[in-house]
Every structure is written in structure tokens, then in C-alpha cells.
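Trainee: Before anything else, here's the structure in question.
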Amino acid sequence: METDSTPDPADGPRRPGRTAPKPSARGRLSRPLVLRAAVALVDREGLAALTMRSLAVDLDVEPMALYRYADGKQALLDGMVEAFYAEVNERIQAVSTGPARPVDGPGGDWRARLQHVARAFHQAADAHPAIFPLVATRPLSLPLARRPASMLQLNELVLTLLHQAGLDDRATLRLYRTVVGWAIGYLLVDKRQVIDNPDDPEPLLRLGLHRLPAAQYPLLRTLAPLLMDHDAETEFATGLDVLLDRLGH
């Protein structure tokens with residue numbers, strides 16, 4: 001995967017002669033571990049808190065030790081997309097969709113398997129809402145063949161499931177683009193920040209809706225509190241079924 005090799009200014013300069021990381025720390029580091037730690041840091045403190053220095057503190061290593069696995073903050077952002085898709089793939093394999101049958105194996109209900117994949121994708125987005133905008137946007141700057149292997153593996157799986165519906169190649173690709181576009185769009189809307197004051201129990205104040213003039217935004221003030229109560233996973237699955245039904249599949 002192509003990454004930006006220029007260190008982020010917030011990460012601090014790469015000073016020659018800097019003290020090397022402890023052998024024990026260097027020995028336990030790996031790219032998956034570094035990326036998982038970056039995801040955990042962003043989950044906990046938000047995207048603005050991520051620098052090579054802050055990540056090194058979390059991992060108890062010198063910042064220079066991380067440059068073996070990511071060439072700066074931009075590479076970390078790309079790497080978190082890679083880690084997100086790796087987690088989706090792990091979630092897909094964690095729950096069987098049929099008796100001793102892989103999700104992409106022959107036979108069975110391809111729609112049920114596609115729902116299983118969609119559920120894993122939704123759960124990963126739900127676990128990492130601060131990262132999901134990166135998932136939706138950063139791969140767009142990369143040619144298809146340079147995108148993370150974990151992402152390409154999921155793409156291949158979805159195409160395989162759609163192909164099992166008996167569609168020809170062009171119809172498979174059209175349905176794939178429609179399903180992926182809808183899923184990412186839905187999750188971008190669903191995972192956006194809506195809480196203004198998390199400590200206030202009153203929905204109107206919790207969402208900051210008192211800031212909106214009632215005469216000007218009557219429906220936003222009335223309907224927005226429902227965002228706090230909806231079952232997003234069920235709504236997501238139902239939306240996918242409606243989409244497939246509408247497309248005749």
C-alpha cells in the first residue's frame with residue numbers, strides 16, 4: 001500500500017542518534033499490533049489525539065521504533081483502514097452462517113450470507129465510529145490494486161456472494177456498487193456525532209436541540225431525539241433486504 005513517507009510535524013523530528021527502543025519493545029512490535037494500538041487510541045481519545053509520539057507512549061516504545069511499521073501519521077491513517085477491514089474479516093469468520101460451511105462456500109442462501117457480511121461490517125463501524133469516515137474516504141485516493149489486502153478480500157467475498165445469485169458479470173458489478181454505496185452512506189450518516197451534552201439526561205438538551213429555533217426547524221427538533229433510540233443494526237439489515245427486494249434479487 002502506498003503511503004506518505006513524510007513525517008507529520010506533530011510527530012516530532014526524526015533526530016539522528018536518538019536512543020533506540022528497548023530490545024524487548026522492538027521484539028514484540030508488529031504492524032498488526034501497531035495498527036490495533038492506533039485504532040484503540042482513536043477509539044479512546046479521538047482522531048486528533050493520534051500522533052506517532054502519542055502512539056509510542058501507548059506502546060511504551062520510542063517513537064522512532066514505529067517508523068518501521070508506518071512512515072508517519074498519514075501512513076497510520078491508511079493503516080487503520082487496513083486494520084478496520086481485517087477486523088471485519090475476522091468478525092465474518094467468527095460466526096458460522098451454516099453447518100460447518102464458510103460464508104463464501106458453495107450452496108446455501110447467498111442473501112443470508114450477505115446479511116452476515118453486512119452485520120460484521122456494521123458491527124466494526126459501530127465499534128470504531130471515529131475511524132469510519134477514514135474507511136469511507138481514504139481508499140478513494142488509491143488505485144484499486146494498491147488498496148489494503150484486507151479490503152480487497154472483503155470486496156472479493158461480496159462479489160462472490162452476489163455472483164452466486166446467478167447474475168452475469170455486469171449485473172453482479174452493478175449490484176455490488178449499489179450495495180456498497182448504500183451501506184457506506186448509511187453508516188456515515190448513522191455514526192455521525194449527534195450528542196452535544198452527554199451528561200444531560202433531557203434529550204432536547206443532550207442533543208443540543210434547544211439551540212435550534214423551533215419555528216425554523218420543527219421536524220429536526222421533533223424527530224432528532226429518535227436517533228438516540230433506534231436499533232441501528234436491525235434497521236441496517238432491513239434496509240439491505242429492502243434494497244435487494246427493490247432490485248429484484
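The values are calculated or read from the model by the stated rules, or taken from the named source; none is laboratory data. Model, not experiment: these values are computed from the prediction. Note: ideal-geometry Cβ built from the backbone for every residue, glycine included; neighbour counts use all protein chains shown. Note: areas computed on protein heavy atoms with side chains; ligands, DNA, RNA excluded. Shrake-Rupley method; radii C 1.70, N 1.55, O 1.52, S 1.80 Å.
Trainee: In the stretch 164-249, what percent of the accessible surface is made up of carbon and sulfur (1.4 Å probe, ligands and nucleic acids excluded)?
Mentor: It is 56 percent, rounded to a whole number.
Trainee: At 0.36 nm per residue, minus the direct Cα-Cα distance, what do residue 182 and residue 214 gain on full extension? Give it in nm, one decimal, please.
Mentor: 8.4 nm
Trainee: Provide the per-residue ³J(HN,Hα) series for the stretch 230-245, in order, calculated from phi with Karplus coefficients 6.51, -1.76, 1.60 and θ = phi - 60°, each as a whole number of Hz, with x at glycine and proline positions.
Mentor: Taking θ as phi minus 60°, the curve returns 6, 8, 5, 5, 5, 4, 5, 5, 5, x, 5, 4, 4, 4, 5, 4 Hz for the stretch 230-245.
Trainee: For the peptides 213-223, 229-239, what is the packing order when you average, over each peptide's residues, the other Cβ atoms within 10 Å and list the highest mean first?
Mentor: Going by the mean number of other Cβ atoms within 10 Å, highest first, we get 229-239, 213-223.
Trainee: Give the dimensionless ratio obtained when the Cα radius of gyration of the stretch 103-210 is divided by 2.2 N^0.38 Å.
Mentor: Expressed relative to 2.2 N^0.38 Å, the Cα Rg reads 1.34.
Trainee: Once phi is turned into ³J(HN,Hα) by the Karplus curve 6.51 cos²θ - 1.76 cosθ + 1.60 with θ = phi - 60°, what whole-Hz value does each residue of the stretch 173-189 show in order, with x for glycine and proline?
Mentor: Whole-Hz 3J(HN,Hα) from phi for the stretch 173-189: 5, 4, 5, 4, 5, 5, 5, 5, x, 5, 4, 5, x, 4, 6, 4, 6.
Trainee: Then there's this: Placing +1 on the Cβ of each Lys and Arg and -1 on the Cβ of each Asp and Glu in the stretch 138-249, which of 165, 188, 151 has its Cα farthest towards the positive end of the resulting dipole?
Mentor: Comparing the listed Cα positions along the dipole, 151 ranks first.
Trainee: Beyond 18 Å, how much of the Cα-Cα pair distribution for the stretch 164-245 remains, as a whole percent?
Mentor: Of all Cα-Cα distances in the stretch 164-245, 57 percent exceed 18 Å.
Trainee: Kindly state, to the nearest 0.05, the FRET efficiency for residue 30 paired with residue 140, given R0 = 30 Å and r defined as their beta-carbon distance.
Mentor: The calculated FRET efficiency here is 0.60.
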